[in-house]
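I have placed the structure first, in the form of structure tokens, so that the comments after it can refer back to it.
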Amino acid sequence: MRKNIVAGNWKMNTTLEEGVELANNVNALLKERKPNCDVVVCVPFTHLTSVNAVLEPELVGLGAENCSEHVKGAYTGEVSASMVKSTGAKYVILGHSERRQYFGENNEQLLAKTQLALENGLTPIFCVGEVLEERENGSYNDVVQGQVEALFSLSPEDFSKIVIAYEPVWAIGTGKTATAEQAQDMHAHIRKVVESKYGKEIADNTSILYGGSCKPSNAKELFAKPDVDGGLIGGAALDAESFMGIVDAFN
């Protein structure tokens with residue numbers, strides 16, 4: 001049975017003090033409700049240990065926003081999967097469109113990162129999605145299929161531990177949102193791609209999150225779709241009340 005998940009991605013926002021305050025607020029608001037989904041916050045590396053100290057793990061899971069494709073060594077400025085794990089984090093976002101676009105991350109690197117995350121007991125939130133040109137020229141299904149297939153050397157057991165997040169890149173931070181129907185169509189396509197390799201059971205049990213300008217005003221409609229299992233939330237995750245508005249969309 002796949003899980004419904006609402007995961008916040010803070011990106012490069014908040015000082016340490018602000019981040020701890022935001023985490024405290026999220027924790028406090030979750031205490032007041034019984035959400036029908038798992039809740040995760042993915043925070044900057046500098047915040048992981050401090051945020052872990054204030055979150056109650058039965059209420060909210062902690063994640064990082066990235067990790068290195070290297071185990072350890074002379075890679076100044078990088079943070080390994082084992083380092084992330086040692087902070088108390090349980091999740092890691094991999095392949096976010098901003099990492100692909102601004103830092104040139106490719107399928108080979110992302111497979112290596114995913115393997116190391118899994119070896120260290122982290123749950124990857126693996127991002128896929130098309131840019132505006134690919135949406136407009138009709139190649140979006142093929143583009144996203146190729147990104148998912150980059151993981152197809154993983155064993156069925158390992159693949160079954162992954163959460164997928166679909167990001168229509170043209171809808172991130174632009175105020176544009178894929179319609180609920182567009183989101184459902186792509187999520188169903190992703191599930192079929194997974195089924196073609198790993199079979200129906202693993203495909204049916206894979207959580208697929210929507211990650212493009214999801215907010216309290218549209219979350220309920222998106223989450224009502226049969227193949228949309230939650231959201232990877234950017235801007236709205238930086239305000240605890242807005243974030244809870246999305247969590248409440250599952251109630």
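If packing is taken as the mean number of other Cβ atoms within 10 Å per residue, what is the order of 227-236, 7-16, highest first? List each step's numbers first, then the result.
Numbers: 227-236: 24.5, 7-16: 18.7.
Put in order of decreasing packing, that is 227-236, 7-16.
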Q: Between His70 and Leu132, with labels modelled 7 Å along Cα→Cβ, what's the label distance in nm to one decimal, could you check?
A: 3.7
Q: Just order 241-250, 124-133 by mean Cβ neighbour count inside 10 Å, highest at the front, would you?
A: 124-133, 241-250
Q) Under the Karplus relation 6.51 cos²θ - 1.76 cosθ + 1.60, θ = phi - 60°, what is the ordered set of whole-Hz ³J(HN,Hα) values for the stretch 155-172, x standing for Gly and Pro? A) 5, x, 4, 5, 4, 5, 8, 9, 9, 9, 10, 8, 10, x, 4, 5, 10, 8
Q) Whose amide H sits under 5 Å from the amide H of Leu94, counting only residues 5 or more places off or on another chain, with H placed in the peptide plane? A) Ile125, Phe126, Cys127
Q: Would you list the P(r) distribution for the stretch 212-251, with all Cα-Cα distances sorted into 5 Å bins from 0 and each bin expressed as a whole %?
A: 6, 29, 37, 21, 7, 1
Q. Given 0.36 nm per residue, what is the gain on full extension from Ser160 to Leu16 after removing their alpha carbon distance, in nm?
A. 48.5 nm
Q) Applying 1/(1 + (r/R0)^6) with R0 = 25 Å to the Cβ-Cβ distance of Arg33 and Asp239, what FRET efficiency is obtained, to the nearest 0.05? A) 0.95
Q) Where does the stretch 79-176 land on the Kirkwood hydrodynamic radius, alpha-carbon pairs, in angstrom? A) 14.1
Q) Using only the Cα atoms, what convex hull volume per residue in Å³ does the chain have? A) 117
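Read the figures in this text as sums done on the coordinates, not as results from a lab. Here the structure is a predicted model, which is why all the values come from computation and not from measurement. Virtual Cβ from ideal backbone geometry, glycine too; neighbours counted across all protein chains shown.
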